[in-house]
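J.: The structure under discussion is supplied below as structure tokens; questions concerning it will follow.
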Amino acid sequence: MDHSAHTYSVASNPVYYEHSPLHVLFAGESQTKPGHALGPKLYDYYLLHFVESGHGWFRTEQRTYHLSAGDCFLIHPGQLVSYVSDTDDPWRYRWSAFTGSEAGRLIEEAGFGTDAPVFKAFGDSRIPQRIHAMQQTFYGRKASSHPASVGYLYLILAEAGEHLTEAAKLPGPDSQVRITVKQMIQYMSTQYAHPVSIEQMAVSLGYNRAYLSRIFKKETGLSPVTYLLKLRIDKSRLLLRERPELSIEQVAASVGLPDALYFSRQFRRFYGQSPTEYRITVGK
């Protein structure tokens, strides 16, 4: 692919209402350069992007998203975000910025919150055409730019709501949080034998560590660090019972704790006796 054809254009709304309930500020489009990056930074307005082609990454305070054609992402005001285009296949996207006293309520009604700032649009999505229509309207420099752009924005948010409502039909309240916690448990259950860390898990799942720790403790009552340690100790009890030929050092290493002294200390912390004492007790 020829990445030399970098393009960028933006058009501002020629009409400004200081206290408008909903106001589109500008709309634009760009074929970005490889590795083109913005942020980390804050915005004081909503900024909606639609990816038409290529790939890139969008990072919020909670999570990192790898996005491609058909993905739509929304930056919320006051949220620290960054986004960067792929070095091999840089994305082309369209965007629209908006604000107003009613903007927050409309975003909330569409389900487009900070915990769900991304969705995959249908193949026949009209979002890119509507952003383009906004841009063309602004280039016309007419007084009708304001109501026309707001109309297009309503249509965009209506389509966003359809996608996000479908995603929200997953079973149970706070389903995305619960799914994420289940992914964490699955990760730890399969990786406990290796010297993995919570940082590595956060990177693997594409989330911020602090956010993962917060939702995990809320759902399970334990921090991820404590859960992983308890999982390892519980697995070691099974080995101590069923594999008497293994030394304490070998058992410790087999559950991802190569320091046998640390392992023994944590084992006593959870079960009130040393691994050797436990093995003797269950062997009677």
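J.: Given the Cα-Cα distance of Asp115 and His194 and 0.36 nm per residue of separation, how much length would full extension add, in nm? Please list the in-between numbers first.
T.: Values: separation 79, 0.36 × 79 = 28.44 nm, distance 3.09 nm.
Roughly 25.3 nm would be gained on extension.
J.: Suppose only helical runs count, i.e. DSSP H with n ≥ 4. What mean residue ellipticity at 222 nm does that imply for the chain under -39500 (n - 2.57) per run, divided by all residues and rounded to the nearest 500 deg cm²/dmol?
T.: Numbers: 10 runs with 128 residues, N = 284.
Value at 222 nm, helices only: -14000 deg cm²/dmol.
J.: Would you kindly give the portion of the calculated P(r) for the range 227-284 that falls above 18 Å, as a percent of all Cα pairs?
T.: Counting pairs separated by more than 18 Å, the tail of P(r) holds 18 percent.
J.: Now for a different question. Can you pull the percent of the chain's accessible area that's carbon plus sulfur, 1.4 Å probe, other chains left in place?
T.: Working: 7780 of 14630 Å².
So the carbon and sulfur contribution to the accessible surface is 53 percent.
J.: Determine the relative contact order of the chain: mean sequence separation of Cα pairs under 8 Å and six or more apart, normalised by residue count, in whole percent.
T.: Result for the chain is 16 percent.
J.: Now, a different point. To the nearest 10 degrees, how steeply does helix 175-191 sit against the main Cα axis of the chain, on a 0 to 90 scale?
T.: 40
J.: Same structure, new question: By per-residue mean of other Cβ atoms within 10 Å, what is the highest-first order of 254-266, 125-137?
T.: Answer by packing, highest mean first, reads 125-137, 254-266.
J.: I would also like to ask the following. Would you work out the relative contact order for the range 116-259, in percent, from Cα pairs under 8 angstrom that are 6 or more residues apart?
T.: 19
J.: Another question, if that's okay. Kindly list the residues of the range 220-236 that lie in the label zone of Ile179, defined by a backbone N under 20 Å from the point 7 Å along the Cα-to-C-beta vector.
T.: In the range 220-236, the label zone of Ile179 (backbone N under 20 Å from the point 7 Å along Cα→Cβ) covers 220.
J.: Pairwise over distinct Cα atoms, reciprocal of the mean inverse distance: report the Kirkwood radius of the range 1-89 in Å, one decimal place.
T.: Kirkwood hydrodynamic radius for the range 1-89: 14.4 Å.
J.: So, one more: Could you give the dipole magnitude of the chain about its Cα centre, charging the beta-carbon of Lys and Arg +1 and that of Asp and Glu -1, in debye to the nearest 20?
T.: Computed charge dipole of the chain: roughly 1140 debye.
J.: Cα convex hull of the range 1-156: how many Å³ per residue? Let's see the in-between values first.
T.: Details: hull volume 16.4 nm³, N = 156.
Dividing the Cα hull volume of the range 1-156 by its residues yields 105 Å³.
J.: Here is a further query. What's the extension gain from Asn208 to Tyr8 if we count 0.36 nm per residue and subtract their Cα-Cα distance?
T.: 68.9 nm
J.: Stokes-Einstein diffusion coefficient for the range 52-100 at 4 °C in a medium of 1.567 mPa s, Rh from the Kirkwood formula over Cα pairs: what value in µm²/s?
T.: Values: Rh = 11.6 Å.
Estimated via Stokes-Einstein, D reaches 112 µm²/s.
J.: Right, next: Remind me, relative contact order of the range 53-146 in percent, using alpha carbon pairs under 8 angstrom and six or more residues apart?
T.: Numbers: 94 pairs, mean separation 27.3, N = 94.
Result for the range 53-146 is 29 percent.
J.: Still on this structure: How long is the chain along each principal axis, judged by its Cα atoms, biggest number first, in Å?
T.: 89, 42, 31 Å, listed from the longest principal axis down.
J.: Using 1/(1 + (r/R0)^6) with R0 = 22 angstrom and r between the beta carbons of Glu108 and Glu61, what's the FRET efficiency to the nearest 0.05?
T.: For R0 = 22 Å, the calculated efficiency reads 0.75.
J.: Return one number: the angle in degrees, 0 to 90 and rounded to the nearest 10, between the long axis of the Cα atoms of helix 145-167 and the longest principal axis of the Cα atoms of the chain.
T.: Compared with the principal axis, the helix lies near 30 degrees.
J.: How would Lys235, Lys217 rank on accessible area, largest to smallest, probe 1.4 Å? Intermediate results must be reported in sequence, preceding the final value.
T.: Numbers: Lys235 75, Lys217 115 Å².
Result of the area sort, largest leading: Lys217, Lys235.
J.: What number comes out for the charge environment of Tyr227, summing +1 per Lys or Arg and -1 per Asp or Glu over other residues with Cβ under 12 Å away?
T.: Once positives and negatives cancel, what remains is +1.
J.: Nearest 10 degrees, 0 to 90: what angle lies between the long axis of helix 224-242 and the longest principal axis of the chain (Cα atoms)?
T.: So the inclination is approximately 30 degrees.
J.: Another one. Quote the FRET efficiency, to the nearest 0.05, computed for His19 versus Asp44 with a Förster distance R0 of 25 Å and r equal to the Cβ-Cβ distance.
T.: Working: r = 16 Å, r/R0 = 0.63.
The formula returns an efficiency of 0.95 here.
J.: Local charge sum around Ala210 (other residues, Cβ-Cβ under 12 Å, Lys/Arg +1, Asp/Glu -1)?
T.: Summing Lys/Arg as +1 and Asp/Glu as -1 gives +2.
J.: Which listed residue (Ile75, Gly256, Gln31) has the Cα farthest towards the positive end of the charge dipole for the chain, taking +1 on Lys and Arg C-beta and -1 on Asp and Glu C-beta about the Cα centre?
T.: Gly256
J.: First measure r as the distance between the Cβ atoms of Leu238 and Gln136, then evaluate 1/(1 + (r/R0)^6) with R0 = 51 Å and state the FRET efficiency to the nearest 0.05.
T.: With a Förster radius of 51 Å, E is 0.15.
J.: So how compact is the range 131-283: Cα radius of gyration and Dmax in angstrom?
T.: 25.8, 87
J.: What nm value, rounded to one decimal, do you get for the distance between Ser247 and Ser223 when each label is placed 7 Å out toward the C-beta?
T.: That separation, rounded to one decimal, is 3.2 nm.
The values are calculated or read from the model by the stated rules, or taken from the named source; none is laboratory data. Source: prediction; values computed, not measured. Virtual Cβ from ideal backbone geometry, glycine too; neighbours counted across all protein chains shown. Accessible surface areas use protein heavy atoms only, side chains included; no ligands, DNA or RNA. Shrake-Rupley method; radii C 1.70, N 1.55, O 1.52, S 1.80 Å.
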